[in-house]
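Structure first, commentary second.
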Amino acid sequence: MGEERWCLAVPRQGAEKTRRQLLEEGLLDRRYRPRPEGDAILLPVTEEVLGAVRCEFEAVPEQVDLPRHELVGGIAIMQENDPAGAERLLASRPSLHTVLFPTTAVEGEYRTRRFSVLAGAPTTRTRVTEYGHSFDVDLALAYFSARLSTERQRVLGAMEEGERVLDMFAGVGPFAITLARKAGVVVAADLNPAAVHLLVENVALNRAKNVIPMLADAAHLPRLDLSPFDRIVMNLPMAAPEFLPAAVALCRNGGTIHLYALQEEEGACLPRIREVTRGEVVERQVRTYSPGKWHAVYDITVEK
Ligand code: SAM
């Protein structure tokens, strides 16, 4: 049962304002949970302030010290190989089914990592929900990063309705499916068969009928004689600049290329971009990667 504490009974309307005032004055007893009673909310206080009465309260469960981690759907990826910490983490969130530890860096053409399972169900597969979309991912088979969700919304915000979009390195489809909301059509290519399998599943899951998944090396796309695209996403940060000539060939004059790069110096990709177009270039930092290294995006207006 609860514990008897001092509290203020305040009308529901305006209770939030009083709660904030008490918090600012250091009088709100945060070890206990406020609760409704009749038309009032009972706010636990640290001392017998004017008007305080004694009532029973449940204690707020103690916050356990959780290890550092990144969440991808129902999976937590820990930075330390700490099985005891992983068990605490798993117990702290009902939405988690698995805690993983990466045993390699992101590697190879497919940009995947290997993992060991520290706690929970032995799987690398999960479902991620992002701005109203759902993506099935398998972290060992295909690249996925939840940290790019804001960037996907930024690109969506920059789009006009009905655009023709090409995602040259689509993975399991988070950019392609997000941008499909405004696009006329999205061609989504990847050379990892497992990524394209998941992409096809995600297209069905999100009923994104205007996305065309393609198992293809992006370097071959210009040979397909596709009509020019209004917008091209190049999210292969280690190597995308190599594919710039192909992207420019596939883009309409005045169209936009979003080139993602991992760099240690501002403007590192500009000389390469200047080899293929004279158009306007805006460079932004997307997120830090490691000390002195960051993910940048270059929004390039193609001028042929
Ligand atoms: N755009 C996806 C996302 O944001 O989650 C995936 C990005 S991941 C960094 C890069 C993807 O490019 C990987 O799925 C990899 O398999 C794919 N890839 C690598 N080289 C490629 C190529 N030459 N042609 C097409 N896809 C390629």
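Using only alpha-carbon positions, what ratio does the radius of gyration of segment 125-196 give when scaled by 2.2 N^0.38 Å?
Details: Rg = 11.9 Å, N = 72, 2.2 N^0.38 = 11.2 Å.
Against the empirical 2.2 N^0.38 Å value, I get 1.07 for segment 125-196.
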Compute the distance from the alpha-carbon center of segment 232-304 to that of segment 72-125, in whole Å.
31
Set of aspartates and glutamates with alpha-carbon distance to K17 below 13 Å, sequence-local pairs under 8 removed:
E25
Would you please give the residues with an amide H less than 5 Å from that of V45, counting only those at least 5 places away or on a separate chain, with H modeled from the backbone geometry?
W6, C7, L8, D29
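What size of dipole, in debye to the nearest 20, comes out for the chain about its Cα centre when the only charges are +1 on Lys and Arg C-beta atoms and -1 on Asp and Glu C-beta atoms?
Details: 36 positive and 42 negative charges, 129 e Å.
Using only the charged Cβ atoms, the result is roughly 620 debye.
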May I ask which residue of L244, V200, L221 lies farthest towards the positive end of the charge dipole of segment 171-304, with charges of +1 (Lys, Arg) and -1 (Asp, Glu) on Cβ and the Cα centre as origin?
V200
Any chance you could get the radius of gyration and Dmax over the Cα atoms of segment 150-304, in Å?
14.7, 42
How big is the antiparallel share of DSSP beta bridges in the chain, given as a percent to the nearest 5?
70
For L66, project a label point 7 Å along Cα to C-beta. Then give me every residue of segment 88-107 with its amide nitrogen under 18 Å of that point.
88-102
Residue among R111, R181, R31 with the largest mean-square fluctuation in a Gaussian network model of the chain, springs linking Cα atoms under 10 Å
R31
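Hey, what D do you get for segment 27-102 in µm²/s if you plug the Kirkwood alpha-carbon radius into Stokes-Einstein at 20 °C and 1.002 mPa s?
Numbers: Rh = 15.3 Å.
D, rounded to a whole number, is 140 µm²/s.
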Looking at segment 152-211, which GluC sites (Glu not before Pro) are in a loop (DSSP not H, G, I, E or B) and have at most 16 other Cβ atoms within 10 Å?
E160, E161
Straight-line reach from K209: which lysines have Cα under 17 Å away, leaving out those fewer than 8 places along the same chain?
K182
Phi-derived 3J(HN,Hα) across segment 130-141 with the Karplus relation (6.51, -1.76, 1.60, θ = phi - 60°), rounded Hz, x for Gly and Pro, is 9, 6, x, 10, 10, 10, 7, 10, 10, 5, 7, 9
Taking the Cα atoms of the chain alone, what are Rg (to one decimal) and Dmax (as a whole number) in Å?
25.2, 80
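Coordinate-derived values only; no laboratory data. Owing to the predicted nature of the structure, the values given are computational and were not obtained by experimental measurement. Here Cβ is always computed from backbone atoms with ideal geometry, including for glycine, and neighbour counts include all displayed protein chains.
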